[in-house]
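**Q** Below is one structure. I have some questions about it.
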Amino acid sequence: MGNFLEDGSRKDLTGFKMRAAVLILSQILGDFTSGVPIPAPEFPEKCTSEENCCMPYPYTGKPVRQFTIDPNLPLRIRRPVHKLNDDEIAKLEKGYQLLRSLSESDPRSLSNQAKLHCLYCDNGIYYPGMIWPLEIHNHWLFLPWHRMFLYFHERILAELLDDDSFALPYWNWDNQSEEEVANTLPDIYASNRSSSLWNHNRNKCAQQPNIVNLNTVGGCTEKTPTELRIENTRLMYTQIVSGAPTPRLFFGQAYSYGDGGGHGPGTFEDNPHGTVHLWVGDPDAPNKFDDMGNFGRAARDPIFYPHHANIDRIWTIWKTMPGKQRMEPNHTDFLDASFTYYDENADRVTVKVSQIINTTLLR
Ligand code: C2O
């Protein structure tokens, strides 16, 4: 269904009307308007996913647990993919091998993790009595939902590798340096077909030595590397620095229980986040822009995770920039929204946005 190109534009008329109402009200009230925070969804036996993204049911059968931070776990430091040493690379490859070898009925398998992402954005989850399905893109919960998703992805890999200090790497595509090449599809994900980090469905123009086009509409470009470096730098500046001095601009519009669609992304969500997805996706695949360019299948590609680790990193950096309003929305519909995931033991766990804001506390 949806691809990342349509992300900002797939609002129906109701979405527009609702958005207009929210904007008018918020101008009067001066802040995000109030609703009810998203409650953690259950994954019922009767799943309505249109894209076959239902999770195995029930799995461990244990009741859903509430997430708590385990202070005994080590603080995990994520490093740039292009600087990993041989041991770190070997460990990463091993982790994805193990993830791929889990059975189809295990909610932790790579394909089930991709399904979980899909379920949350392709009309897979309806709250009882609500008209609209839950959506995790195109509004202020985009960043926290994906940070939690990545957190459990990392914990699952750590469990499989039996190494609590395991950290995901990040793909440093915002780094336009000519000395250290960080803005191409990372070598370890792109060069070896038999690697567990490889994915078949990718854009042929997203291969080395081509550098990323943060303003792409998909496929190839005629631009020179120098032009791309300059444009990428400008785009990062307008989206993250000059264009996003407030929570609303950076995170996007409010989204509360019962809302339809998403009323608009923050500056970060479409470009560069969505454009990097599109750049990696194959424009010639039967489902145009598979895998990375389509919501339903993006998380099948292992590059999804270092891509989102970079999103997480830039969120943290954004807060350190000058300006008084570079902070998370201070609103209960944001802070109290909660979501359900599968933890490293394949049990269901619910997490509140307020629990994952501080990355130095997050173990
Ligand atoms: Cu749910 Cu990068 O997307």
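The values are calculated or read from the model by the stated rules, or taken from the named source; none is laboratory data. The shown structure was predicted, so the numbers you read here are calculated from the model rather than taken from an experiment. Neighbour counts run over all protein chains shown; Cβ positions are idealised from the backbone, glycine included. With ligands, DNA and RNA removed, areas are computed over all heavy atoms of the protein, side chains included. Shrake-Rupley method; radii C 1.70, N 1.55, O 1.52, S 1.80 Å.
**Q** Just name one of Leu228, Ala285, Phe251: the one whose Cα is farthest towards the positive end of the charge dipole of the stretch 225-330 (beta-carbon charges, Lys/Arg +1, Asp/Glu -1).
**A** Phe251
**Q** Restricting to lysines 8 or more places apart or on different chains, can you count the pairs in the chain with Cα atoms under 28 Å from each other?
**A** 26
**Q** Here is a follow-up. Rank Gln66, Pro144, Ser242 by how far each Cα sits towards the positive end of the charge dipole of the chain (+1 on Lys, Arg Cβ; -1 on Asp, Glu Cβ) and give me just the farthest.
**A** Ser242
**Q** To continue, here is another question. What FRET efficiency comes out for Glu227 versus Lys324 if R0 is 30 angstrom and r is the Cβ-Cβ distance? Round to the nearest 0.05.
**A** Step by step, r from the Cβ atoms, then E = 0.25.
**Q** Charges at C-beta only: +1 for Lys and Arg, -1 for Asp and Glu. How large is the resulting dipole of the stretch 311-363 about its Cα centre, in Debye rounded to 20?
**A** In debye, rounded to 20, the stretch 311-363 gives about 340.
**Q** If you take the square roots of the eigenvalues of the alpha-carbon gyration tensor of the stretch 140-196 and sort them as a ≥ b ≥ c, do you get rounded (a/c under 1.5), prolate (a/b over b/c) or oblate?
**A** Oblate is the answer for the stretch 140-196, as a/c is 1.5 or above yet b/c matches or exceeds a/b.
**Q** What shape does the stretch 289-363 have by the C-alpha gyration tensor, where a ≥ b ≥ c are the square roots of the eigenvalues, rounded means a/c under 1.5, and otherwise prolate means a/b greater than b/c and oblate the rest?
**A** Oblate is the answer for the stretch 289-363, as a/c is 1.5 or above yet b/c matches or exceeds a/b.
**Q** Taking the Cα centre of each part, how many Å lie between the stretch 56-86 and the stretch 265-296?
**A** Using only Cα atoms, the two centres lie 25 Å from each other.
**Q** Summing -39500 (n - 2.57) over the DSSP H runs of n ≥ 4 in the chain and dividing by its residue number, what mean residue ellipticity at 222 nm do you reach, to the nearest 500 deg cm²/dmol?
**A** Result for the chain: -9500 deg cm²/dmol, rounded to the nearest 500.
**Q** Anyone know which of Arg348, Arg313, Arg234 comes out most mobile in the 10 Å Cα GNM of the chain?
**A** Arg234
**Q** Evaluate the charge dipole of the chain about its Cα centre and quote only its size in Debye, nearest 20, assuming +1 on the Cβ of each Lys and Arg and -1 on the Cβ of each Asp and Glu.
**A** Around 560 debye, computed over the chain.
**Q** Something else about it: Over every pair of different alpha-carbon atoms in the chain, take the mean of 1/r and invert it; report that Kirkwood radius in Å.
**A** 20.8
**Q** Still on this model: Which of the listed residues, Ser194, Val276, Asn112, is farthest toward the dipole's positive end in the stretch 47-361, when Lys, Arg count +1 and Asp, Glu count -1 at the beta-carbon?
**A** Among Ser194, Val276, Asn112, the one farthest towards the positive end of the dipole of the stretch 47-361 is Val276.
**Q** Solvent-accessible area per residue for the stretch 47-361 at a 1.4 Å probe radius, Å²?
**A** Ligands and nucleic acids excluded, the result is 40 Å² per residue.
**Q** How many nm is it between the label spots at Asp70 and Gln207, if each spot is 7 Å from the Cα in line with the beta carbon?
**A** That separation, rounded to one decimal, is 4.2 nm.
**Q** For the chain, which cysteines have no disulfide-compatible partner, meaning no other cysteine Cβ under 4.7 Å?
**A** Cys121
**Q** Shape verdict for the stretch 147-257, please, from the Cα gyration tensor: rounded (a/c under 1.5), prolate (a/b greater than b/c) or oblate.
**A** Taking the square roots of the gyration eigenvalues as a ≥ b ≥ c, the stretch 147-257 is oblate.
**Q** When the Cα centres of the stretch 318-351 and the stretch 225-244 are compared, how far apart do they sit, in Å?
**A** 26
**Q** With a 1.4 Å probe and every protein chain kept in, tell me what percent of the accessible surface of the stretch 47-361 is carbon plus sulfur.
**A** Its accessible area is 51 percent carbon and sulfur atoms.
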